[in-house]
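The values are calculated or read from the model by the stated rules, or taken from the named source; none is laboratory data. Since the model is a prediction, treat every value here as computed from it, not as a measurement. Every residue, glycine among them, receives a Cβ derived from its backbone with ideal geometry; neighbour counts consider all protein chains shown.
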Amino acid sequence: MGKIIYYTSIIIILSLFVFILNSGDIAKKPWNREDDFEFYAESLHKNLKSENWIEAKKDLISLKKAWKKTVKRIQYSVEKDEINAINVNLARLTGYIENKDKSAGLAEIHEIQEHWHNLNN
Amino acid sequence: MSETAVVIVRSFIAFFTLLIFTRFLGKQQISQLTFFEYVLGITIGSIAGTLSVDLSSRAWPHWVGLFVWTFTVFVMQKISLKWPKASKYLTGKPAIVIMNGKIMEETMKNMRYTIPDLLEQLREKNIFDLNQVAFAVLENNGQLSVLLKPEYQPVTRGDLHLPPQNETLNTEIIIAGKLIPEKLKKIGKDEKWLLKELNKQGIKKYEEVFLAVYNPVHSTLYIDKYKDKIKKPQENPY
């Protein structure tokens, strides 16, 4: 009986570790509209394309908020470099939107979406 | 991103994974490890270290690496246990470096084993004269096993046809100047007796004693004082 409990607890612990280390894909999924990073990124993409700068600014604020919430969940299973890259992209995107620079802004949002896709991959 | 929180979680995972995996590999002692197993240990430890603090890469690949290295060692252990012949190729075989009192130069050369190494390991076995050695075997774990020539082998009670004598473990009564009363009671003596024994060696307080050990079979007391009276230490010839 003792042996069964011993081996079961080891299997449970190791499974928990495997789950935590691979939790990135689950943690990336939004828990509510506020932390839906993909949704705001897509919306920002559209608004940048149509040069709708007021809406783009709003989307950027929401995107930053969503990112702040998501990063707390995914940080245990993803590369720090990918997180830093998205932080830098968001900072640059803020400048481009303030400057109403469509082409640079579009390039930046594409890069953000690419980094997002690469998280946990 | 909180680096501290991530390092704490990853270190926790690395620590317990390493603990579980090493327990899985059995209880082989460090002194019994071959050079390859020693290097394996370092590699597995290094992967666990990276898993713990290298935040520039994902933790999962390191965990998989840790698993694969441990699993491979486990498979090798199983192969060695099941097929002793395979073990000869996996872990090597012992090498005879002294045969019938003669040093095997070619074997030593093949093993990259030098004369100072040989002499050092013989000294570790209290052998200072090569004339006493009949056989010396360099084991896989790097230790030297020595068979002395018959004339230098210690006499046993069996050789002298003496009846066997009981041996028991010694009891420490004073450690680092502190008396252990329960041990004194265990050997059936009291403080009065102990103080008398200490007085015989000019000791007045327990604090002067570094170690006092009692042998119940021979009824002898070994005492080592903090102040050792060695006037001129012997020169180190090595």
request  = Scan the helices (runs of 4 or more DSSP H) fully inside region B:26-107 and keep the ones with 1 or more residues being closer than 30 Å to A:Ile83 by Cα.
outcome  = B:35-53, B:59-82
note = Reported set for region A:1-46 where residues are hydrophobic (A, V, I, L, M, F, W, C), in contact (Cβ under 8 Å) with a residue 40 or more places away in the chain and closer than 27 Å to B:Trp60 by Cβ is A:Ile20, A:Leu21, A:Ala27, A:Phe37, A:Ala41
note = Counting only residues in region B:33-42 that are surrounded by 14 or more Cβ atoms within 10 Å (Cβ to Cβ) and free of Cβ contacts under 8 Å to residues at least 60 places away in the same chain, the one farthest from the other protein chains (Cβ to nearest Cβ) is identified as B:Phe36
Matching option when the condition is under 30 Å from B:Lys227 (Cα atoms) and without any contact (Cβ under 8 Å) to a residue 60 or more places away in the chain, among B:Leu160, B:Leu169 = B:Leu169
key: Matching residues, region A:80-108, being touching a residue at least 40 places away in the same chain (Cβ under 8 Å) and not in a helix (DSSP H, G or I)   = A:Lys100
query = Filtering region A:74-119 down to residues that are more than 14 Å from chain B (Cβ to nearest Cβ) and of a type in the set (Lys, Arg), which residue is nearest to A:Lys58 (Cα to Cα)?
reply = A:Lys100
query = Which of the residues spanning region A:8-59 are under 19 Å from B:Ala14 (Cα atoms) and loosely packed, with under 12 Cβ neighbours inside 10 Å?
reply = A:Ser9, A:Ile11, A:Ile12, A:Ser15, A:Phe19
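Report, by residue number, each residue of region B:12-23 that is within 22 Å of the chain's Cα centre (by Cα) and either surrounded by fewer than 16 Cβ atoms within 10 Å (Cβ to Cβ) or modelled with pLDDT of 95 or more (or both). Full working, then the answer.
Quick first cut of region B:12-23, residues within 22 Å of the chain's Cα centre (by Cα) only: B:19, B:22-23.
Those that are within 22 Å of the chain's Cα centre (by Cα) and either surrounded by fewer than 16 Cβ atoms within 10 Å (Cβ to Cβ) or modelled with pLDDT of 95 or more (or both): B:Leu19, B:Arg23.
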Residues of region B:1-25 satisfying the condition of being facing chain A (nearest Cβ under 9 Å), among the hydrophobic types (A, V, I, L, M, F, W, C) and not in a helix (DSSP H, G or I) = B:Met1
First in region B:111-136 and aromatic (Phe, Trp, Tyr), second anywhere and surrounded by 12 or more Cβ atoms within 10 Å (Cβ to Cβ), Cβ under 7 Å, 6 or more apart = B:Tyr113/B:Val97; B:Tyr113/B:Leu138; B:Phe135/B:Ile96; B:Phe135/B:Ile98; B:Phe135/B:Met99; B:Phe135/B:Leu147
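Give region B:151-182 a look and list any residue that's acidic (Asp, Glu) and in a loop (DSSP other than H, G, I, E, B), or say none.
B:Asp159, B:Glu167
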task = Output yes when any residue across region B:77-93 is among the β-branched types (Val, Ile, Thr) and either under 27 Å from the mean Cα position of the chain (by Cα) or on the phi > 0 side of the Ramachandran plot (or both), and no when none is.
result = yes
message = I'm trying to understand the selection: among the residues of region B:108-127, which are touching a strand residue (DSSP E or B) at 6+ places or on another chain (Cβ under 8 Å) and not in a helix (DSSP H, G or I)?
response = B:Met111, B:Tyr113, B:Lys125, B:Ile127
inquiry  = Looking at region B:52-70 only, could you name the residues that are touching a helix residue (DSSP H, G or I) at 6+ places or on another chain (Cβ under 7 Å) and either facing another protein chain (nearest Cβ under 10 Å) or under 20 Å from B:Gly26 (Cα atoms) (or both)?
reply    = B:Leu55, B:Ser56, B:Ala59, B:Trp60, B:His62, B:Trp63, B:Gly65, B:Leu66, B:Trp69, B:Thr70
